[in-house]
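To start, the structure under review is shown below, and the notes come after it.
The values are calculated or read from the model by the stated rules, or taken from the named source; none is laboratory data. Just so it is clear, the structure is predicted and the values come from calculations on it, not from any experiment. Positions of Cβ are generated from backbone atoms using ideal geometry, with glycine treated the same way; all protein chains shown enter the neighbour counts.
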Number of protein chains: 2
Amino acid sequence: MSSSRVSSSPVSTGKSGPVDTVTTGPIEGSVKHYEQVEADGTILNVPVRRINLTNGEHFDVYDTSGPYTDATATIDLEAGLPKLRDAWDKPQVDGPPTQLNWARQGIVTKEMAYIAAREGVSPELVRDEVAAGRAVIPANHRHPESEPMIIGKKFAVKINANIGNSAVSSSIAEEVEKMVWATRWGADTIMDLSTGKNIHETREWILRNSPVPVGTVPIYQALEKVNGDPTKLTWEIYRDTVIEQAEQGVDYMTVHAGVLLRYVPLAAKRVTGIVSRGGSIMAAWCLAHHQESFLYTNFAELCEILAKYDITFSLGDGLRPGSIADANDEAQFAELRTLGELTKIAKSYGVQVMIEGPGHVPMHKIVENVRLEEELCEEAPFYTLGPLATDIAPAYDHITSAIGAAIIAQAGTAMLCYVTPKEHLGLPNRDDVKVGVITYKIAAHSADLAKQHPRAQDRDNALSKARFEFRWTDQFNLSLDPDTAREYHDETLPAEPAKTAHFCSMCGPKFCSMRISQDVRDYAEKHGLTDVNAIEAGMAEKSAEFADAGNKVYLPVV
Amino acid sequence: MSSSRVSSSPVSTGKSGPVDTVTTGPIEGSVKHYEQVEADGTILNVPVRRINLTNGEHFDVYDTSGPYTDATATIDLEAGLPKLRDAWDKPQVDGPPTQLNWARQGIVTKEMAYIAAREGVSPELVRDEVAAGRAVIPANHRHPESEPMIIGKKFAVKINANIGNSAVSSSIAEEVEKMVWATRWGADTIMDLSTGKNIHETREWILRNSPVPVGTVPIYQALEKVNGDPTKLTWEIYRDTVIEQAEQGVDYMTVHAGVLLRYVPLAAKRVTGIVSRGGSIMAAWCLAHHQESFLYTNFAELCEILAKYDITFSLGDGLRPGSIADANDEAQFAELRTLGELTKIAKSYGVQVMIEGPGHVPMHKIVENVRLEEELCEEAPFYTLGPLATDIAPAYDHITSAIGAAIIAQAGTAMLCYVTPKEHLGLPNRDDVKVGVITYKIAAHSADLAKQHPRAQDRDNALSKARFEFRWTDQFNLSLDPDTAREYHDETLPAEPAKTAHFCSMCGPKFCSMRISQDVRDYAEKHGLTDVNAIEAGMAEKSAEFADAGNKVYLPVV
């Protein structure tokens, strides 16, 4: 077991100092482990995080953190991560070489084999789901550093963490560390939403060092190129920005091509209008020019570009509701119908597609969103932002949205975009990123449990067993955030013996139900009292015996 | 508007120093306001928290905080709160004078009239629901300081905060302040779960100063009287403890009378056995004596005692699941059937009843708990602890459980027992109490929205409108936790002008969708473009006009 919590590894970049340090070393109680999987004669090293338990067993969990948590890896931010996927072949295929086309033509790629091992499913299931468009593998040919992962409702629910600076705050160094930090705690993808200076350079640093797929919203950079005036945007500026980002290796792109001119007035009546940045930019453009969105009218050309790199569309919901009052309204669902049309077009070009969803939705209106998305968009993976189940708790919107996120994921949403405590208030810092990621791991895992996803409950069982057996260290290490669990425990009972004590400060020794309950179980098991018939038949006798033994198991711990 | 955030009012108690200070003064941006309601010639002063908005309007919210947030009130902890309900008549009735009996016999009590005003419903609805046993009003005649409230599925979902010291930690002073603090942020009831020294004295201080109903688990104090050895408990010791607490004014009592001898082996096979403290104590007693639980065999006498004071039963779920693996199992539902029998008996004595529920339940098994409880227990109000939707996030169990709590409340649970970040790890401190309360207000309010409870969405709408109009101060003050919302905003944009700025640090000025969206709306409204037909008919013309105006609304904010 590692003795360090979080070590910061100083890295000299040699360049004009954008990145100084990132967090390296394993999470407390864990080690990086690679499962070796054979695929067509190639050995794939599929990472897991191995949690070593005090009883000599171990428990492996899905690992998004890349080489940063591998104690044996050398991290060189300037060189970037090893280009893992460059060594893998790209089979010949009819049409552009995308995972969708490979899957349709019966080819199980290395990416699919790798994913099957990560998810604990068959490579054929992966191929089937990708071929049907029910799952996507965001993997730009030019981002070979990424470890393949899949987004689809038959697989573990994934989470995305947004990072990126704004004009007001944060540096490149901070953003790269946020990426490393977010994936350390479980982010399956990250989106770089930078809008300030150095967008290109920030993204380059992130891509070369990211072990997970990276998404962007190209309209943000395009807008910077026209000095922030949406009316000055053109298709040509946008297209060139997409190509620039495609060449860098962006794995999926949010495109708000469903915000049509005729939908804009639908949003005017709302309590909170248009709350998507991309949506409001395109609405402004459409209205100013009284023309149909250039994203919509040039969609076919966009598909050709994305197909070349195997970039996945994330069709943006520019008219998503920004308040409970606006949920499931005409504007939102009109756009969703258009996204359904665009899904068909994109897939006809061999491009993988996922669909973005709300936003702010009260609980009783959540499931309808999934039903309609699946109906209109051929079950393309749904990727939602929360949704927040109420508007009244700024500073706690990671929680208001985790409620909605868990419910919408249970209903079939494949990936959840996290929300941090700073939502609606400011740009998240490193601590906020961690809280957002952990909160969304909770929502995603709760949904995996509810969907009875294979292997999901194993971790709950392992942790609960450790809890019941007072293996405190194992309880901490099996949790989503060992550091905080340990810290909270130690606030009141810091000494080392408390790590094996059969109680905690919550109830104290005399009132520990777990302790009493264990005594009861031990007694019942010893005497074969494990069902109702047994106890009714034999309890009188056993009770006498138990009394003879001096009721020892019930003596209070003093 | 108050200028202070949280002021601590030093209070000299004169006694052997158990309580020094409690938090007084209104929440930022609010003032205490009383609505005067006439009931049978008596004027009732029903409190609301009035949030004054910067646009000259105000917004009133349900207020649980008692006189502590009234800037004009004098707080004297030694004297206790004013004995509000002592001045109210107790009408003659057949049988013991309980709210249940009054309601059954067609009498609308002052408590019911007061509650109707708080909830914004008719007094008849309150009476009907209490008469049917679908709602309870926990109000011991000997706790006249409490402001009446109701727990039932047709009313706003309530939350309970547990406080109380354990043998390991915390003092009386801390516990009284935790009560004041919890009700400040919205706790509708509190439970004093003290198990250490000075149980009686702690409870006395809490009761005399609590504006909300107080619940206890009498078996905890009974166990202290036998030095922590469950096998030494007797009916007589327990009964005397109940009477002692009844005389002090406890409003509802958790009684684990459904843990029967024959159910104990059912729990032995579980991953986490028995996790209820009361449940494990009674299981130990039953097994040691091989006798049926003395709570069950003496239940009728217990009903007579509770009826006399109008104490509400909270029939405890001693066999609730303590892990995902144990949810909805035979042990849990066997006990629930027994609680159904006990509900009928208690009601036949005129005693009000609510039913406690789990615990740890994966999302797909939550609704079944409500369905079965309603079927077996004549729709007595359900009062659940979370449930946690996963076991794998100790230190975040306020969140894991808020997910389950929101879902179970949507399905009909009337009161949610909060869970703090310290659950499973240690005793919560003051900050943990606040986080627990706010988190549960989120779950309760999300359920109120989903149930389309009258008035619930008004607050979301008011806050969202403030957000869209960049009334930052109003957005903070309308939120569940104005202090933290303001603090998070000010972390990146602390200056006063930022409080009226049309952006925040999250997106910066150029990318503020709210700002662009407002411009779009203003333009559309000005030109009558509020539906699809209008835009299709007239947009070409309007667009030309808009271009003539220089596209002003889209000029970037520099």
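Looking only at helices (runs of 4 or more DSSP H) that fall completely inside the range A:360-459, which ones have 2 or more residues that are facing chain B (nearest Cβ under 10 Å) and crowded, with 24+ Cβ neighbours inside 10 Å?
Passing ranges, in order: A:397-410, A:430-450.
This table checks each residue for (1) modelled with pLDDT of 80 or more; (2) more than 25 Å from the chain's Cα centre (by Cα); (3) outside the structural domain of residue A:73 (by the TED database).
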residue	(1), (2), (3)
A:4	no, yes, yes
A:11	no, yes, yes
A:21	yes, no, yes
A:44	yes, no, no
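Only residues that are at the interface with chain A (Cβ under 7 Å from one of its Cβ atoms) and surrounded by fewer than 24 Cβ atoms within 10 Å (Cβ to Cβ): list them for the range B:269-288, please.
Result: B:269, B:271, B:288.
In this structure, does residue B:75 turn out to be in a helix (DSSP H, G or I) and either out of contact with any Cys (no Cβ under 7 Å at 6 or more places or on another chain) or small (Gly, Ala, Ser) (or both)?
Taking the combined requirement at face value, the residue does not satisfy it.
Pull up the range B:76-99, narrow it to residues that are in contact with a Pro (Cβ under 7 Å, 6 or more places away or on another chain) and surrounded by 17 or more Cβ atoms within 10 Å (Cβ to Cβ), then point me to the one that is farthest from residue B:306 (Cα to Cα).
Just the residues of the range B:76-99 that are in contact with a Pro (Cβ under 7 Å, 6 or more places away or on another chain), to begin with: B:81, B:83-86, B:90.
Keeping just the survivors that are surrounded by 17 or more Cβ atoms within 10 Å (Cβ to Cβ) gives B:81, B:84-85.
Details: B:81: 24, B:84: 22, B:85: 19 Å.
Per the stated criteria, the residue is B:81.
Which one of the conditions (1) in a helix (DSSP H, G or I); (2) hydroxyl-bearing (Ser, Thr, Tyr); (3) within 12 Å of chain A (Cβ to nearest Cβ) does residue B:343 fail to meet, given that it meets all the rest?
Status for residue B:343: all satisfied but (3).
When you scan the range B:286-310, how many residues do you find that are more than 12 Å from residue B:234 (Cβ to Cβ) and in contact with a strand residue (DSSP E or B) (Cβ under 9 Å, 6 or more places away or on another chain)?
Final tally of qualifying residues: 4.
Please list, ordered by first then second residue, the pairs with beta carbon atoms under 6 Å, 6 or more apart or interchain, first in the range B:392-409 and free of Cβ contacts under 8 Å to residues at least 24 places away in the same chain, second of a type in the set (Asp, Glu) and part of a helix (DSSP H, G or I).
B:392/A:460
Any residue that is in contact with an Asp or Glu (Cβ under 8 Å, 6 or more places away or on another chain), among the aliphatic types (A, V, I, L, M) and modelled with pLDDT of 95 or more - is there at least one of those in the range A:209-219?
Quick first cut of the range A:209-219, residues in contact with an Asp or Glu (Cβ under 8 Å, 6 or more places away or on another chain) only: A:209-216.
Those left that are additionally among the aliphatic types (A, V, I, L, M): A:212, A:214.
Subsequent filtering for residues that are modelled with pLDDT of 95 or more retains A:212, A:214.
Yes: the range A:209-219 contains one or more residues that are in contact with an Asp or Glu (Cβ under 8 Å, 6 or more places away or on another chain), among the aliphatic types (A, V, I, L, M) and modelled with pLDDT of 95 or more.
Which residue, of B:392, B:403, B:355, B:366, is at pLDDT 95 or above, touching a Lys or Arg at 6+ places or on another chain (Cβ under 6 Å) and among the β-branched types (Val, Ile, Thr)?
Numbers: B:403 fails: touching a Lys or Arg at 6+ places or on another chain (Cβ under 6 Å); B:355 fails: touching a Lys or Arg at 6+ places or on another chain (Cβ under 6 Å); B:366 fails: touching a Lys or Arg at 6+ places or on another chain (Cβ under 6 Å).
Step by step, each of B:392, B:403, B:355, B:366 is checked, and only B:392 is at pLDDT 95 or above, touching a Lys or Arg at 6+ places or on another chain (Cβ under 6 Å) and among the β-branched types (Val, Ile, Thr).
Which of the residues that make up the range B:132-165 are small (Gly, Ala, Ser) and farther than 16 Å from residue B:66 by Cα? Outline the logic, then answer.
Pass one, the range B:132-165, residues small (Gly, Ala, Ser): B:132-133, B:135, B:139, B:146, B:152, B:156, B:161, B:164.
Scanning the range B:132-165 gives B:132, B:133, B:135, B:152, B:156, B:164.
Count, please, the residues in the range B:104-132 that happen to be surrounded by fewer than 24 Cβ atoms within 10 Å (Cβ to Cβ) and not in a helix (DSSP H, G or I).
Here the count works out to 8.
Of the conditions (1) aliphatic (A, V, I, L, M); (2) surrounded by 22 or more Cβ atoms within 10 Å (Cβ to Cβ); (3) touching a Ser or Thr at 6+ places or on another chain (Cβ under 8 Å), residue A:325 satisfies every one except a single condition; which number is it?
(2)
Considering (1) without any contact (Cβ under 8 Å) to a residue 24 or more places away in the chain; (2) surrounded by 23 or more Cβ atoms within 10 Å (Cβ to Cβ); (3) of a type outside the set (Gly, Ala, Ser), say which one residue B:202 fails and leave the rest.
(1)
Here are B:301, B:224, B:236: which of them is out of contact with any helix residue (DSSP H, G or I) (no Cβ under 8 Å at 6 or more places or on another chain), more than 7 Å from chain A (Cβ to nearest Cβ) and more than 21 Å from residue B:373 (Cα to Cα)?
Within the list B:301, B:224, B:236, the selection yields B:236.
Determine whether the range A:271-282 contains at least one residue that is assigned to a helix (DSSP H, G or I) and of a type in the set (A, V, I, L, M).
Yes, the conditions are met somewhere in the range A:271-282.
Only residues that are touching a residue at least 60 places away in the same chain (Cβ under 8 Å) and under 20 Å from residue A:486 (Cα atoms): list them for the range A:53-84, please.
Listed by number, the residues that qualify are A:53, A:54, A:55, A:59, A:61, A:69.
With respect to the numbered conditions (1) among the polar types (S, T, N, Q); (2) crowded, with 18+ Cβ neighbours inside 10 Å; (3) at pLDDT below 80, which one is the sole condition not fulfilled by residue A:30?
Tallying (1) among the polar types (S, T, N, Q); (2) crowded, with 18+ Cβ neighbours inside 10 Å; (3) at pLDDT below 80, residue A:30 fails exactly one: (3).
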